[in-house]
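Below is one structure, written out as structure tokens; comments come after it.
Bear in mind that the values in this text are calculations on the coordinates, not laboratory data. Everything numeric here is computed off the predicted structure, so don't read it as measured data. Cβ: placed from backbone, ideal geometry, glycine included. Neighbour counts: every protein chain shown.
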């Protein structure tokens with residue numbers, strides 16, 4: 001599995017509705033946060049290695065009613081702090 005992050009800009013007043021629909025319909029979603037700034041939501045999604053990222057974003061995320069724009073970040077490696 002590989003993680004991608006998608007920033008989501010919503011139509012005015014639609015962020016919570018978009019968040020609920022995403023949580024209810026996108027099984028690849030791990031976490032979804034409301035954010036400040038240019039985008040309203042930040043989603044973390046886990047995709048299979050062979051899954052087409054562009055197709056996933058356009059068919060699953062951008063297709064949600066109330067989504068105005070997205071910005072996708074592709075990740076390479078995950079790092080965590082050392083544990084004693």
Tally of residues being surrounded by fewer than 10 Cβ atoms within 10 Å (Cβ to Cβ), over 14 Å from the mean Cα position of the chain (by Cα) and over 13 Å from residue 5 (Cα atoms) across region 49-76: 2
How about region 2-29: which of its residues are at negative phi and either part of a loop (DSSP other than H, G, I, E, B) or loosely packed, with under 11 Cβ neighbours inside 10 Å (or both)? 11, 12, 14, 24, 26, 27, 28
